[in-house]
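Read the structure below first, then the notes.
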Amino acid sequence: MDLIKALRERRSIKYFETGRDISDEKIRELLEISNLSPSSFNLQPWRVIVVKTPERKKVLRRCAFDQPKAEEASAVLIIIADPNAVEQNMGMMLDSWQELGYIKPEMRETYTGIAKNLYGPEDSLKRKIFATKNASLFAMSLMTAARGFGLETHPMDGFDDECIKKEFNIPDDKIIPMLIAVGYLRPGVTLLPRAFRRGIDEFVRFE
Ligand SMILES: Cc1cc2nc3c(=O)[nH]c(=O)nc-3n(C[C@H](O)[C@H](O)[C@H](O)COP(=O)(O)O)c2cc1C
């Protein structure tokens, strides 16, 4: 399926086929593709918990204000944004740039300084924005790639953050921009037409 078709076809699906598995291999493939998403300084501040077992999805549903899709989808992905990725991933990222010839060794410090300056101290709002925007790009790639594989998705931010962090052992400094339910449309369900979108002239200005 081509990309434009996948983007046009993606919908947030409420009714998933229950009891239908997606193999770990397929989910890994989906994650590998999403992992090609761009990120600030290539710092990749995302983490994912793949929730597949009936027991754990039940817990997730409880944390997600009892939204049935959190339990009925084949898998639900907890997308995590990591504000600490600047410290954690900068070394690896610079090693790669250096090895591939993007930068000379003496440029490492300059790049580290620029990133720290741009994204602020560890617990700052700037840092949270940095992590959330990049993890959200990852999430969008994932939803598009899923459609490309013939899968359906549903992003959710209707959940109790504290509940998910506690139940899934996620440190308090991390951010959960959304959950993404992944699976198949329940047979016999017909989707309503896509909901309204504003005309682009309402939000675009050309200069
Ligand atoms: C970050 C995010 C969080 C969302 N959270 C929920 C949610 O908790 N529950 C829900 O029913 N829909 C949720 N939605 C789905 C939106 O309602 C849906 O994307 C929107 O109505 C447009 O429909 P479409 O995705 O089918 O084009 C969420 C969407 C996004 C992008």
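We did not get these values from a lab; they are worked out from the coordinates using the rules stated. This is a predicted model, so every value here is computed, not measured. Methodologically, a virtual Cβ is constructed for each residue, glycine included, from the backbone with ideal geometry; neighbour enumeration extends over all protein chains shown.
Using alpha carbons only, how many degrees (0 to 90, rounded to 10) separate the axis of helix 24-34 from the longest principal axis of the chain?
The angle comes out at about 50 degrees.
Which one, ALA135, ALA70, ALA85, has the greatest fluctuation when you compute a Gaussian network model over the chain with C-alpha springs under 10 angstrom?
ALA85
Run the simple label-point estimate for ASN35 and ASN84 please: 7 Å along Cα→C-beta, distance reported in nm.
With each label placed 7 Å out from Cα toward Cβ, I get 2.0 nm.
Can you tell me the alpha carbon radius of gyration of the range 79-178 divided by the globular rule-of-thumb value 2.2 N^0.38 Å?
Taking the Cα Rg and dividing by 2.2 N^0.38 Å, one obtains 1.30.
Can you compute the radius of gyration and Dmax for the range 91-141, using only the Cα atoms, both in Å?
Rg, Dmax (Cα atoms, Å): 13.1, 36.
Take the cross-link list LYS58/LYS116; LYS5/LYS126; LYS57/LYS116; LYS133/LYS166; LYS26/LYS174 and give me the ones stretching past 28 Å between alpha-carbons.
Among LYS58/LYS116; LYS5/LYS126; LYS57/LYS116; LYS133/LYS166; LYS26/LYS174, the Cα-Cα distance tops 28 Å for LYS58/LYS116; LYS5/LYS126; LYS57/LYS116.
Could you give the angle, 0 to 90 degrees to the nearest 10, between helix 54-63's Cα long axis and the longest principal axis of the Cα atoms of the chain?
Compared with the principal axis, the helix lies near 80 degrees.
I need the P(r) histogram for the range 1-94: all alpha carbon pairs, bin width 10 Å from 0 out to the longest distance, whole percents.
Spelled out bin by bin, the range 1-94 gives 14, 35, 33, 17, 1 percent.
Per q in 0.10, 0.11, 0.19 1/Å, what log10 I(q)/I(0) does a Debye calculation on the alpha-carbon atoms of the chain return?
Rounded to two decimals, the profile gives -0.51, -0.61, -1.33.
Which one of LEU142, LEU60, LEU125 has the biggest mean-square fluctuation once the chain is modelled by GNM with Cα springs under 10 Å?
Most flexible of the set in this elastic network: LEU125.
GluC sites (Glu not before Pro) within the range 102-149: which are DSSP loop residues with at most 10 other Cβ atoms inside 10 Å?
Loop-located and lightly packed - none at all.
Would you mind calculating the relative contact order of the chain from Cα pairs under 8 angstrom and at least 6 residues apart, reporting the percent as a whole number?
35
What distance in nm separates the simple spin-label points at GLU109 and MET140, each placed 7 Å from Cα in the Cβ direction?
Roughly 3.7 nm, to one decimal.
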